[in-house]
Amino acid sequence: MATITPNDMSAAGAVSLPGVTMTASDTFTYNRTKSPLLVVENDSGGAVTVNIDGDGASSKTYPGLGTQDLSGGYSTGSIANGARVCIRLNSIADYLQGTIAVTGGTGAVAYLLEF
């Protein structure tokens, strides 16, 4: 299990971005006071589908949508080899309750950027 550590993006100029090579199950801490982005860069040799699941997320009622089950986590969908995705974590905050597990990304590299 790897911990995806945040990169502080508040510095002026160029910022070093050490990535974390993902394993079968990884974790990170969501800081809702920042504007964090999770970038997944897939050069694993095959497609990956990353799932982000907070163990405290169950369900939530949204106006116009009704009650949605969040317990299965948020899926990026398939990320092709050589592709990358960026997730604005504040937009999926309801999935990030409790301890967060990031699965399905074995071999991809993750970057957690905090602004």
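Quick notes on this structure:
- Rounded accessible area per residue of the chain, 1.4 Å, Å²: 52 Å²
- Separation in nanometres of the label points that stand 7 Å from Cα toward Cβ, at Glu114 and Ser10: 0.9 nm
- Remark: the range 56-115 projects, on average over all directions, an area of 5.3 nm² (convex hull of Cα atoms).
- Segment Asp94-Thr67, length gained on full extension (0.36 nm per residue, minus Cα span): 8.5 nm
- Top positive-direction residue, dipole computed over the chain with Cβ charges, set Asn51, Gly66, Ala83: Gly66
- Considering only Gly13, Gly98, Gly82, the Gaussian network model of the chain with Cα springs below 10 Å gives its largest mean-square fluctuation to Gly13.
- For Asn81 and Ser58, the FRET efficiency from 1/(1 + (r/R0)^6), where r spans their Cβ atoms and R0 equals 41 Å, is about 0.75.
- For the chain: relative contact order, % (alpha-carbon pairs under 8 angstrom, 6 or more apart): 45 percent
- By the Stokes-Einstein formula, at 1.002 mPa s and 20 °C, the chain with its Kirkwood radius over alpha-carbon pairs has D equal to 147 µm²/s.
- Share of carbon and sulfur in the accessible heavy-atom surface of the chain [1.4 Å probe, %]: 51 percent
The values are calculated or read from the model by the stated rules, or taken from the named source; none is laboratory data. Nothing here was measured: the structure is a model prediction, and the numbers come from that model. All Cβ positions, even for glycine, are placed from backbone atoms using ideal geometry, and neighbour counts span all protein chains on display. Note: accessible area is taken over every heavy atom of the protein model, side chains too, but ligands, DNA and RNA are not part of it. Shrake-Rupley method; radii C 1.70, N 1.55, O 1.52, S 1.80 Å.
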